[in-house]
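Encoded as structure tokens, the structure appears first; notes follow it.
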Amino acid sequence: MTVAEPPPVAATPALEVVDHARLARRERIRLIVRSKTFLIGAAVLGFWILMALLGSTIAPHDPYADDILNKLKAPSGTHWFGTDSLGRDVFSRVLAGARGIIVVALLATVLGTAAGTAFGLAAGYFRGLVDEILGILFNAFLSLPVVIIGLLALVAVGPSKLTVTLVVGVVFTPIISRTVRAAVLAERQLEYVQAARLRNERPPYVMFAEILPNVLAPILVEFTVRLGYAIFAIATLSFLGVGIPPPAPDWGVQIADHYGLISGGYWWPSLFPALAIASLVISVNLVADGLTHAFER
Amino acid sequence: MGRFLLKRFVVAIVTLWLLSVIVFVSAQILPGDVGRRILGPFAAPQAVAALNKQLGTDRSIFVQYGDWMGGVIHGDLGKSLSQNQPVGHLVWDGLKNSAKLAAVAFILVVPLGIFGGVVAALNEGRFLDRLISVSGLSAIAIPEFVSAIVVILVFSLWFGLLPVTAQAPPGAGFFTVLKYLILPALPLVLVLFGYIARMARAGTIEALDADYTRTAVLKGLPRRTVIRRHVLRNALLPTIAVVATQTGYLIGGLVVIELIFNYQGIGQLIFRAAQQKDFPLLESGVLIVGVVYLVATLLADVAYSLLNPRIRYASAE
């Protein structure tokens with residue numbers, strides 16, 4: 001028995017060299033769709049996106065309605081996930097909570113991707129001093145975990161949706177910038193960049209009109225990967241009280257308010273929002289993983 | 001190699017200084033009047049001014065910064081506003097407790113992660129590989145407070161195996177302390193497992209593909225020897241680097257875990273300081289977190305360059 005068995009033959013045959021771009025794209029989509037983990041992820045993510053759009057409308061109860069007489073009731077036919085310490089329906093609050101976290105995560109990731117792309121293009125294109133200075137600045141920032149930066153922001157500007165969005169966006173900027181920089185470094189050696197520079201085009205034109213379209217694929221992959229981390233970070237920050245203030249039906253806040261009751265046997269107000277976060281974040285990661293594999297070939 | 005490490009060291013010092021500016025600005029300048037924040041909106045202006053004078057927060061921000069940094073460099077971290085104790089003591093105690101918790105997590109996860117990654121790599125493309133990779137991917141994604149809820153429910157409430165708090169009763173023996181720390185360490189283990197297994201898997205696959213492995217196989221070495229002597233040694237190098245860079249993440253995770261399990265570590269200390277606007281404690285706590293991260297990555301670079309001769313010749317980054 002040998003160790004270095006040849007890797008199992010890939011399910012897809014090598015491409016004929018006929019029509020490259022379109023064939024490659026079609027092949028890529030086929031690869032993505034064939035991955036079972038991607039499909040499971042996409043289905044769960046689709047469910048949560050649907051809930052972000054309709055969650056508060058189709059919820060069986062008003063997610064904000066207190067009912068002190070029925071507080072902390074165990075899951076039953078009327079309240080599938082039970083009620084929380086104010087008697088609110090946990091199931092309705094879980095459905096309605098999807099919107100807040102998904103919107104904030106998208107905004108934060110878009111912000112980080114836009115800023116990171118701009119800095120990455122500049123660092124990779126100009127190199128030299130610009131690159132060095134950005135590198136050192138970003139390193140200083142990356143030496144603090146996002147939770148700590150969130151707590152600093154909590155003290156500096158107070159809790160709000162905007163605070164979380166900015167914190168996560170700003171923390172993502174250096175990370176995305178690094179990825180973009182690496183891609184730009186590879187691109188700037190190519191003839192079309194040389195040609196543009198010989199035509200005496202201005203640097204912003206070369207960066208955004210010539211190089212950017214060619215590095216979109218890694219940026220897209222990075223975007224989906226970051227989206228998963230954004231949900232992780234935002235859920236954690238709102239658990240710590242940096243994010244969406246109560247009484248909004250936020251999953252992190254819901255857990256923060258009720259985890260202390262677990263040892264008393266009241267597990268449902270914490271467990272169901274926890275499972276919601278877990279399923280959302282895993283689904284995004286499975287989708288991102290599928291895309292990464294397809295684009296890395 | 002000397003030049004490479006020297007450059008890393010200089011960058012670390014500059015980073016630390018930048019960090020101190022970020023921390024100082026966000027904890028002491030942005031929130032505005034310190035005296036007003038402590039005394040509340042209804043206090044008399046004279047009282048606020050007097051408190052600011054007493055705390056030294058009525059001086060120019062450059063003087064304040066210089067004063068604070070001067071103290072930090074001489075080891076004087078000031079006094080906590082909320083706990084009326086020297087910040088140095090509080091931070092040191094918190095750091096010691098957190099280190100215990102982190103050590104338990106690392107001791108559990110490093111062998112587990114490496115084993116998982118290597119097993120996945122040796123079964124590349126098969127079911128076991130998919131199972132380990134997908135569960136690692138999922139484990140990375142789940143925030144610690146979410147998995148903490150689940151492990152508390154399962155191990156503490158339903159099976160009654162482990163205590164819900166992390167703080168062992170005073171005077172407890174080594175094994176009791178350990179028993180109290182296992183449950184809080186589990187959520188950290190889950191997240192770290194994904195990272196370490198992923199790196200170990202990638203490293204092993206690369207090493208399995210390398211020419212030296214082929215040579216070793218072709219010259220007739222037994223499979224076990226090839227894996228142990230040729231594959232693993234090369235595969236584990238990048239894994240070491242990952243373990244060190246995860247210290248930063250780990251401290252972020254500690255904030256959440258220490259809060260849920262009510263454990264007196266540096267994470268909970270920083271959280272309480274932020275909540276109570278205890279800025280001397282907050283500033284020092286955050287700065288220490290930065291120092292720990294920088295030292296860990298610096299040590300990782302040293303270890304990595306000692307283990308890997310190739311990096312000695314590579315220009316820095």
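Report whether or not residue A:263 is of a type in the set (S, T, N, Q), surrounded by fewer than 24 Cβ atoms within 10 Å (Cβ to Cβ) and closer than 25 Å to residue A:70 by Cβ. Taking the combined requirement at face value, the residue satisfies it.
Would you confirm whether any residue within the stretch A:183-200 is part of a helix (DSSP H, G or I), within 14 Å of chain B (Cβ to nearest Cβ) and closer than 30 Å to residue B:251 by Cα?
Residues of the stretch A:183-200 that are part of a helix (DSSP H, G or I), as a first pass: A:183-187, A:191-198.
With the extra rule that they be within 14 Å of chain B (Cβ to nearest Cβ), the set shrinks to A:185.
Restricting the remaining residues to those that are closer than 30 Å to residue B:251 by Cα gives none.
Looking through the stretch A:183-200, none of the residues is part of a helix (DSSP H, G or I), within 14 Å of chain B (Cβ to nearest Cβ) and closer than 30 Å to residue B:251 by Cα.
Is it true that some residue in the stretch B:270-280 is closer than 25 Å to residue B:298 by Cβ and more than 8 Å from chain A (Cβ to nearest Cβ)? Checking the stretch B:270-280: not a single residue is closer than 25 Å to residue B:298 by Cβ and more than 8 Å from chain A (Cβ to nearest Cβ).
Could you say which residue among A:211, A:234, A:219, A:244 is touching a Gly at 6+ places or on another chain (Cβ under 6 Å), hydrophobic (A, V, I, L, M, F, W, C) and more than 16 Å from residue B:148 (Cα to Cα)? Before the answer, list the steps.
Values: A:211 fails: touching a Gly at 6+ places or on another chain (Cβ under 6 Å); A:234 fails: touching a Gly at 6+ places or on another chain (Cβ under 6 Å); A:219 fails: touching a Gly at 6+ places or on another chain (Cβ under 6 Å).
Going through A:211, A:234, A:219, A:244 in turn, the sole match is A:244.
Taking first residues from the stretch A:218-242 that are within 8 Å of chain B (Cβ to nearest Cβ) and partners that are among the polar types (S, T, N, Q) and surrounded by 21 or more Cβ atoms within 10 Å (Cβ to Cβ), the Cβ contacts under 8 Å between residues at least 6 apart in sequence or on separate chains come to A:228/A:285.
May I ask you to verify whether residue B:125 is away from chain A (no Cβ under 14 Å) and in a loop (DSSP other than H, G, I, E, B)? Working first, answer last.
On the way: away from chain A (no Cβ under 14 Å): no; in a loop (DSSP other than H, G, I, E, B): yes.
So residue B:125 fails the test.
For the stretch B:231-253, the tally of residues that are within 9 Å of another protein chain (Cβ to nearest Cβ) and of a type outside the set (Phe, Trp, Tyr) stands at 6. Only one of the numbered conditions (1) at pLDDT 85 or above; (2) closer than 28 Å to residue B:300 by Cα is not met by residue B:233, and that is (1). Against the list (1) within 11 Å of chain B (Cβ to nearest Cβ); (2) not in a helix (DSSP H, G or I), the condition residue A:260 fails is (2). Considered as a group, the residues in the stretch B:137-164 that are surrounded by 16 or more Cβ atoms within 10 Å (Cβ to Cβ) and part of a loop (DSSP other than H, G, I, E, B) include one that is farthest from the other protein chains (Cβ to nearest Cβ), and that residue is B:162.
The test for being of a type in the set (D, E, K, R) and either over 27 Å from residue B:244 (Cβ atoms) or at pLDDT below 85 (or both) holds for residue B:223. Residues of the stretch B:15-47 that are within 10 Å of chain A (Cβ to nearest Cβ), surrounded by 14 or more Cβ atoms within 10 Å (Cβ to Cβ) and free of Cβ contacts under 8 Å to residues at least 24 places away in the same chain: B:18, B:22, B:25, B:26. Between A:56, A:35, the distinction of being in contact with a Gly (Cβ under 6 Å, 6 or more places away or on another chain), among the small types (Gly, Ala, Ser) and surrounded by 15 or more Cβ atoms within 10 Å (Cβ to Cβ) belongs to A:35 only. Show the residue pairs meeting these rules: Cβ distance below 6 Å; 6+ apart or different chains; first residue within the stretch A:24-53 and in a helix (DSSP H, G or I); second residue among the aromatic types (Phe, Trp, Tyr) and surrounded by 12 or more Cβ atoms within 10 Å (Cβ to Cβ). Close Cβ pairs satisfying both conditions: A:32/A:38. So how many residues does the stretch A:147-165 have that are within 13 Å of another protein chain (Cβ to nearest Cβ), within 25 Å of residue B:257 (Cβ to Cβ) and in a helix (DSSP H, G or I)? Count: 11.
The values are calculated or read from the model by the stated rules, or taken from the named source; none is laboratory data. Values in this document were obtained by computation on a predicted structure and should not be read as measured data. A quick note on method: Cβ atoms are made from the backbone with ideal geometry, for glycine too, and the neighbour counts reach across all protein chains shown.
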